[in-house]
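Student: To start, I am sharing the structure in question, which I have written as structure tokens.
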Amino acid sequence: MHILDTIKSATIALKTNKIRTALTVLGMVIGIASVIIVFSAGEGINSLIVGEIESFGGSDMFEVEIKVPSSKSGTAGEQQSAAAIAQGVQPTSLTLEDYEDILKLPNVVDGYAGIIGQEQVSYGSEMKLAMVLGQTSSYIEIDKSEVEHGRWFTAAEDRSLASVVVLGKEIKYDLFGDSDPIGKSIKVRKSKFRVIGVLEERGAMMTFDFDKIVYIPIRTLQKRVMGINHVQYQMFKVADVSQIDDTAEEARFILRDNHDLPHPEGPSQGIFDTGKDDFRVVTMVESMEIMGTVTGAITLLLLAIVAISLVVGGVGIMNIMYVVVSERTAEIGLRKAVGAKYRDIMWQFLIESVLITIFGGIIGTSIGVAISWLVSFGASAYGLNWEFVVPIKAYIVALGFSGIFGLAFGVYPARKAARLEPVEALRAE
């Protein structure tokens with residue numbers, strides 16, 4: 001039998017029982033759609049995380065942050081440090097002196113240091129528990145925040161411990177409503193601060209809502225409010241990105257000297273933070289690579305789960321094909337009696353199985369793309385930087401899986417049909 005005739009015969013057989021065919025196809029549709037959604041979501045999450053990281057600086061930035069020293073290095077040490085910080089341990093050795101020393105490096109062109117806290121903020125009868133962010137004056141020149149009304153504080157105001165604040169858009173509205181806050185005074189804890197500026201609306205990054213923040217000169221927040229001398233993080237911008245790793249290592253050297261820490265020896269000297277370090281130096285490129293690895297692992301995990309639904313759909317196809325073979329035993333016997341060969345019967349049932357999975361693959365891909373677009377649209381409407389991307393590999397995996405499962409789960413029923421003896425098959429009539 002010609003291959004086109006075989007395909008036509010298989011198509012007619014599928015049309016004969018449309019409900020059964022539709023239910024069989026549905027299993028593959030769900031699995032294939034899930035593959036497309038997982039791949040698209042992986043790309044969307046990756047773009048979201050990259051956008052979050054870039055919001056704190058581009059690839060020409062590196063960060064210095066506090067870390068709890070550990071007896072271990074590498075991943076185990078990082079886990080110990082993260083657990084200790086989560087339990088409230090707060091290293092206090094990172095200071096503005098460290099920040100100013102790193103700023104002197106030849107490849108560093110700018111930077112800012114910061115501390116984060118929560119304080120009671122009030123104006124009149126309005127009182128809010130707000131996040132306060134102490135920053136050096138250079139923050140506004142590097143960060144993506146923009147002043148909408150008033151101005152940002154100056155370096156002179158920071159050095160003189162001036163009691164001034166800049167408000168995020170939402171905290172301004174919570175305290176002042178629609179009235180102009182510029183020149184008015186609010187209380188942070190028990191100290192009065194004069195409002196000199198309001199930032200443009202920026203939205204939230206993960207759980208960090210910039211519009212709810214009260215910005216205070218870092219030295220003012222340290223001395224007048226929190227009573228501390230340390231900072232929690234420092235960001236630095238480099239002139240030559242190709243030298244950023246060397247610059248980060250120079251920063252590590254300075255910090256170890258300042259903190260009386262030993263310098264590592266051996267081939268890893270210029271590459272990693274050590275377990276004994278009370279700081280961590282990370283470039284934005286490293287952060288993006290780490291997050292890319294994490295999202296890739298999550299995508300693979302979800303694909304492994306999705307593969308289970310594809311296997312279930314494939315088993316469903318096999319069961320249906322067994323039923324079809326049983327129902328059409330007499331037809332198979334008649335065809336073999338008039339000259340149909342083993343390969344003719346084999347190909348007809350195998351093509352039926354493949355057609356089911358191909359239909360399921362096409363429909364599932366279309367539905368998966370549509371749902372992925374809706375997810376992207378909803379995330380964007382919510383203010384997230386979620387790109388709608390369905391990578392080529394998603395289509396290859398989805399359609400490839402559909403074809404492979406059609407062959408894999410259709411071979412055995414097709415072989416069973418093709419091996420039927422004509423006399424035994426006709427006797428089943």
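We did not get these values from a lab; they are worked out from the coordinates using the rules stated. Fair warning: this is a prediction, and the values are worked out from it, not measured in the lab. Cβ atoms come from the backbone with ideal geometry, glycine included; neighbour counts cover every protein chain shown.
Student: What does a probe at M127 reach in the stretch 138-176, counting residues whose amide N is under 20 Å from the point 7 Å along Cα→Cβ?
Tutor: Correct set: 171-176.
Student: Note down the relative contact order for the stretch 94-258 as a percent, whole number, built from C-alpha pairs under 8 angstrom at least six residues apart.
Tutor: Details: 322 pairs, mean separation 55.1, N = 165.
For the stretch 94-258, the relative contact order is 33 percent.
Student: While we're looking at this one, here's another question. Determine the relative contact order of the stretch 168-262: mean sequence separation of Cα pairs under 8 Å and six or more apart, normalised by residue count, in whole percent.
Tutor: On the way: 65 pairs, mean separation 21.3, N = 95.
The normalised contact order for the stretch 168-262 reaches 22 percent.
Student: Tell me, what is the FRET efficiency for Q120 and V282 to the nearest 0.05, using R0 = 35 angstrom and their Cβ-Cβ distance as r? It would help to have the intermediate numbers written out before the result.
Tutor: Working: r = 33 Å, r/R0 = 0.94.
The formula returns an efficiency of 0.60 here.
Student: So for the pair S59, A307, with labels modelled 7 Å out along Cα→Cβ, what separation do we get in nm?
Tutor: 3.2
Student: May I pose another question? Using a 10 Å cut-off on Cβ atoms, rank the peptides 155-168, 118-131 from the highest mean neighbour count down. It would help to have the intermediate numbers written out before the result.
Tutor: On the way: 155-168: 18.6, 118-131: 14.6.
Averaged packing, sorted descending, gives the order 155-168, 118-131.
Student: Given R₀ = 41 Å, what would the calculated FRET efficiency be for E201 paired with A408, taking r from the Cβ atoms and rounding to 0.05? Don't skip to the end; give the middle numbers.
Tutor: On the way: r = 54 Å, r/R0 = 1.31.
It comes to 0.15.
Student: Distance cut-off 28 Å, Cα to Cα: go down the list K104/K212; K104/K184; K237/K393; K190/K276; K169/K223; K144/K276 and report the pairs above it.
Tutor: Numbers: K104/K212 33 Å; K104/K184 38 Å; K237/K393 36 Å; K190/K276 38 Å; K169/K223 26 Å; K144/K276 34 Å.
Violating the 28 Å Cα-Cα cut-off are K104/K212; K104/K184; K237/K393; K190/K276; K144/K276.
Student: I want the local charge near E170. Using Cβ-Cβ distances under 14 Å, sum +1 for each Lys or Arg and -1 for each Asp or Glu among the other residues.
Tutor: Numbers: positive: K128, K169, K172, R202, K212; negative: E126, E148, D174, D178, E200, E201, D209, D211.
Result for the neighbourhood of E170: -3.
Student: If Lys and Arg each add +1 and Asp and Glu each add -1, what is the summed charge of the other residues whose beta carbon sits under 13 Å from the beta carbon of W373? The partial results should precede the final answer.
Tutor: Numbers: positive: none; negative: E43, E387.
Neighbour charge sum, excluding W373 itself: -2.
Student: Can you list, bin by bin at 5 Å, the percent of alpha carbon pairs in the stretch 94-258, starting at 0?
Tutor: 2, 9, 18, 21, 18, 14, 9, 5, 3, 1, 0
Student: Another one. If I model a spin label as a point 7 Å beyond the Cα along the Cα-Cβ vector, how far apart are those points for F377 and E97 in nm?
Tutor: Each label point lies 7 Å from its Cα, and together they span 5.9 nm.
Student: If you don't mind, another one. At a Förster distance of 25 Å, what's the computed FRET efficiency of V109 paired with I228, Cβ-Cβ distance as r, to 0.05? Let's see the in-between values first.
Tutor: Numbers: r = 28 Å, r/R0 = 1.12.
Approximately 0.35, to the nearest 0.05.
Student: Next question, about the same structure. Provide the packing ranking of 208-217, 387-396, 276-285, i.e. peptides ordered by the mean count of other C-beta atoms within 10 Å per residue, highest first. List each step's numbers first, then the result.
Tutor: Values: 208-217: 22.1, 387-396: 15.0, 276-285: 19.6.
The packing order, highest mean first, is 208-217, 276-285, 387-396.
Student: Would you mind calculating the gained length between V389 and A239 on full extension (0.36 nm times residue separation, minus the Cα-Cα distance), in nm to one decimal? Write out the running numbers ahead of the final one.
Tutor: Values: separation 150, 0.36 × 150 = 54.00 nm, distance 3.25 nm.
Stretched out fully, the V389 to A239 stretch lengthens by 50.8 nm.
Student: While we're looking at this one, here's another question. All other residues with a Cβ under 9 Å from the Cβ of D209 taken together, and with Lys, Arg as +1 and Asp, Glu as -1, what is their net charge? Mind dumping the intermediate values first?
Tutor: Numbers: positive: R202, K212; negative: E170, D211.
That sum, taken over residues with Cβ under 9 Å, equals 0.
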